[in-house]
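Worksheet: the structure to be examined is printed underneath.
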Amino acid sequence: MATLAASVTTLLLEFVLHADKALIFIVSGAAILGLAWVVGSATERIGALAGPQVGGILNATFGNVAELIIAFFALEAGLLDVVKASLTGSIIGNLLLVLGAALALGGRRNGTQRFNARIAATNSTLLAIAVVGLFVPAVFAFSTAGDPSGSRIAESAFTAIVLIALYLLALAYSFSHPEEMLGAEHSEEHGGPAWSRRMAIGVLLGAAALLAVLSETLVDSVEPFIEAFDLTPFFVGVIIIPTIGNLAEHLVAVQLAWRDRVDFAMAVAIGSSLQIALFVAPVLVLAGVVLGRSMDLVFEPLEVAAVGTAVAVATLITLDGESNELEGVLLLGVYLILAAGFFFLR
């Protein structure tokens, strides 16, 4: 009910009252927070009714739908810095903020928690590949003389296709090895609201449609919001927009770790980062080609360094198959340091 009220309020402020854009950004962001939760609940319910394999495909498809929709409208509006920053923020937010909060609170309540180190190692390898996908185009761009924009787009598009192929292969492998599909067991135990399949599908489609409308409104008010609060596009993209799109998923991960189900908490946090790096970012590059936008995988040095740092620290902490409260706090500390860097970057 609160989500619907926020959504209606946003539409009234935007299309009827023509209110201040900064206010519209805040209200639409609150509505998107709720809609992301509704989309997640509907997806989880459909997966529970349809079985683990279908549930896995749905989670892979709709897991980051809010971020993808927001980024698409930002791309269409030509806000490329915000798009890239939001991708960076989603990756480091999941690996440092979400995983850190989950391990800290889970460790606080349950002490040392254990998880499958082999799956963690596989995820770390995929994250390393994602870093390569961000690092190589940047090196290529910075080492190419003259105007490299055309070559930069072509190289990024090729890299995007490779990353998507690797992501699909990783999905296919996980589906053929059900014992490694952490999401399947989670889906069976936490099946979401007690909706029928038709009800869940209707809610999912309706929420996704409303999410698209509100995301366009949010993107349209980004620049006035930045000016009103004297923020930078980097900070809004890295910190605020990923929080709006990811908060529902963040709470799920923390709740799972609190219940001593750290395997599933890591599946949510790391899996979301993988999807952003190996699927959402490449899809946006290819969408940029179609829309005529110069979207590439050439990120700013601080963005590449932030993602590389997040992957390295998360990998070191998860390789031993154990976690505790201190390790969670360390991840949170790294996130705060990086957030401060983006806040003061002008």
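Per-structure values
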| read-out | value |
| --- | --- |
| Any hit, segment 217-228, residues being of a type in the set (Gly, Ala, Ser), surrounded by fewer than 24 Cβ atoms within 10 Å (Cβ to Cβ) and either in contact with a helix residue (DSSP H, G or I) (Cβ under 8 Å, 6 or more places away or on another chain) or in a helix (DSSP H, G or I) (or both) | yes |
| Test result for Gly111, buried (at least 20 other Cβ atoms within 10 Å of the Cβ), within 30 Å of Leu251 (Cα to Cα) and at pLDDT 85 or above | no |
| Conditions (1) farther than 23 Å from Phe142 by Cα; (2) touching a residue at least 24 places away in the same chain (Cβ under 8 Å): number failed by Ser294 | (1) |
| Single residue of segment 310-328 satisfying the filter (outside any helix (DSSP H, G or I) and within 23 Å of the chain's Cα centre (by Cα)) that is nearest to Leu105 (Cα to Cα) | Ser323 |
| Test result for Phe299, within 15 Å of Asp81 (Cα to Cα) and part of a helix (DSSP H, G or I) | no |
| Meets criteria (without any contact (Cβ under 8 Å) to a residue 12 or more places away in the chain, of a type in the set (Gly, Ala, Ser) and either in contact with a helix residue (DSSP H, G or I) (Cβ under 9 Å, 6 or more places away or on another chain) or assigned to a helix (DSSP H, G or I) (or both)) for Ala340 | yes |
| Residue selected from segment 260-313 under the condition of a type in the set (Gly, Ala, Ser) and over 23 Å from Leu168 (Cβ atoms), by the criterion surrounded by the fewest Cβ atoms within 10 Å (Cβ to Cβ) | Gly292 |
| Residue identified as among the aromatic types (Phe, Trp, Tyr) and modelled with pLDDT of 85 or more among Phe72, Phe140 | Phe72 |
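The values are calculated or read from the model by the stated rules, or taken from the named source; none is laboratory data. Note that the structure is a prediction, hence the values are computed from the model and not measured. Using ideal geometry, Cβ is built from the backbone for each residue, glycine included, and neighbour counts are taken over all protein chains shown.
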